[in-house]
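To start, the structure itself, in structure tokens.
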Amino acid sequence: MNNKNANSKNPINPELNVNAARIDQNNINAKQDLGLYIHIPFCVKKCDYCDFLSAPATEEAKETYIKALLTEIHSYKNTMKEYRVPTIFIGGGTPSAINSSYIVDIMEAIQETFSIDYDRLEATIEINPGNVTKEKLQAYQKAGINRLSFGLQSVNNRELKMLGRIHTYEEFIDNYELARELGFHNINIDLMSALPGQTLESWENTLKTVIALEPEHISAYSLIIEEGTPFFDRYGEGSIYHKELPDEEVDRAIYHRSKELLHDGGYHRYEISNYAKPGYECRHNRSYWVGTEYLGLGLGASSLYQGARLGNTQVLKDYVGICKENEGSNMLPSLLRHEIINLSIENKMEEFMYLGLRLIQGIDTKEFQRRFHRDVYDVYQNELKHFISNNLIKVNGDQLALTDYGLDVSNYVLSHFLLD
């Protein structure tokens with residue numbers, strides 16, 4: 001699938017030749033930011049807790065999908081002139097489960113189609129221990145990927161097996177050290193707490209072990225038991241093993257101990273579940289919380305684009321067929337949509353509040369006024385009065401942010417900013 005031109009150089013990595021010329025930086029600066037999310041819906045084995053749009057597949061199915069994905073990417077070539085792309089996130093599924101040449105093809109197609117802000121570019125790929133090799137990591141580097149996100153979840157091999165993960169902690173260490181040796185200096189590690197049978201002590205061991213590795217970023221999420229997964233049947237409310245989940249007291253202790261250990265380890269909390277060393281916040285994910293436009297490409301991918309929330313079809317056969325039948329057409333993106341929600345001013349105000357308040361810095365009241373021509377204290381008069389007086393939201397000049405107590409009960413607080 002590679003289509004290279006020996007006379008042009010990849011502006012991200014000069015070792016890789018592509019049909020893309022560097023855009024003049026003054027021209028880039030005049031454009032509007034647009035994040036790109038690329039969905040790879042394949043994995044070696046679906047984890048027992050996972051409800052994401054992903055599944056194992058044959059090599060033939062993977063190749064067919066990548067061809068369709070490249071067609072979708074190229075279909076935007078004539079409609080993105082006013083945008084610049086400072087962040088790219090390749091997620092899944094398990095992007096590292098496919099041939100690395102496909103990742104190279106995807107990055108080439110992106111560079112041929114979009115104006116990339118190379119001076120600010122953060123390009124992330126999700127990888128899982130157990131299917132990462134030196135050759136894959138080197139291919140990612142040459143393609144311009146500069147940030148890795150490891151799906152570790154736990155350092156306890158018993159917990160990993162219980163989750164249905166395909167790797168051991170020892171395999172993760174081998175992969176992590178290899179990434180460092182190859183020069184990756186922006187690495188995230190995903191961890192999961194509130195696992196069946198997990199204690200405060202076992203969680204502390206996982207967190208301390210990972211902090212000692214000094215990744216630039218750590219995401220610490222609590223397990224959610226989703227309907228339709230094997231975990232729901234096994235651990236859901238009323239199931240025989242439900243009592244194996246940590247009780248509320250242990251869960252709360254894990255939550256507070258995480259903040260302490262990560263703070264002591266040099267990580268600042270910038271979002272409810274995300275911690276980073278200074279300068280290493282995930283700019284792509286942060287754009288979701290502040291309302292920057294982003295474009296989702298691939299099966300089931302979601303977008304926030306031109307005042308609407310959009311969703312691609314979630315049926316693989318339909319996705320591949322539509323891309324094949326409409327190759328070269330500017331209409332392809334609209335034909336792939338299975339969901340279009342045009343956001344009202346009320347919808348946008350809601351999202352500004354309940355997404356923005358996930359950030360530790362909170363929301364800017366002047367920015368609310370600028371965007372919506374309304375005073376946030378008028379729109380949310382009762383809610384803000386209640387939460388401020390009860391020490392759930394604090395006021396710092398023009399900023400409104402959740403207090404420590406507010407963060408503890410964030411789901412309760414944020415739900416009250418839905419105007420319906």
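Side notes on the structure shown:
- Test: residue in segment 245-264 that is touching a Leu at 6+ places or on another chain (Cβ under 7 Å), modelled with pLDDT under 95 and among the small types (Gly, Ala, Ser): yes
- PRO215 being modelled with pLDDT of 90 or more, buried (at least 16 other Cβ atoms within 10 Å of the Cβ) and either among the hydroxyl-bearing types (Ser, Thr, Tyr) or in contact with a strand residue (DSSP E or B) (Cβ under 9 Å, 6 or more places away or on another chain) (or both): yes
- Test: residue in segment 77-88 that is in contact with a helix residue (DSSP H, G or I) (Cβ under 6 Å, 6 or more places away or on another chain) and either at pLDDT below 95 or surrounded by fewer than 19 Cβ atoms within 10 Å (Cβ to Cβ) (or both): yes
- Residue satisfying all of: in segment 13-53; touching a His at 6+ places or on another chain (Cβ under 9 Å) and at pLDDT 80 or above; surrounded by the fewest Cβ atoms within 10 Å (Cβ to Cβ) among these: TYR37
- Residues in segment 111-159 that are among the hydrophobic types (A, V, I, L, M, F, W, C), at pLDDT 95 or above and under 30 Å from GLY197 (Cα atoms): ILE127, LEU148, PHE150, LEU152, VAL155.
- Evaluation of LEU137 against the conditions (1) buried (at least 22 other Cβ atoms within 10 Å of the Cβ); (2) over 22 Å from LEU182 (Cβ atoms); (3) among the aliphatic types (A, V, I, L, M) shows that the sole unmet condition is (2).
- Residues that are among the small types (Gly, Ala, Ser) and touching a Cys at 6+ places or on another chain (Cβ under 7 Å) within segment 149-182 comprise just one, GLY164.
- Listed by first and then second residue, the pairs with beta-carbon distance under 6 Å, at least 6 apart or on different chains, first residue in segment 304-329 and closer than 18 Å to PHE52 by Cα, second at pLDDT 95 or above and aromatic (Phe, Trp, Tyr), are THR313/TYR319.
- Checked against (1) within 19 Å of ASN274 (Cβ to Cβ); (2) surrounded by fewer than 18 Cβ atoms within 10 Å (Cβ to Cβ); (3) of a type in the set (Val, Ile, Thr), ILE125 passes all but a single condition, namely (2).
- Identity of the residue in segment 221-251, under 25 Å from the mean Cα position of the chain (by Cα) and part of a helix (DSSP H, G or I), that ends up surrounded by the fewest Cβ atoms within 10 Å (Cβ to Cβ): PRO230
The values are calculated or read from the model by the stated rules, or taken from the named source; none is laboratory data. A quick note: this is a predicted structure, and the numbers were derived from the prediction, not measured. Virtual Cβ from ideal backbone geometry, glycine too; neighbours counted across all protein chains shown.
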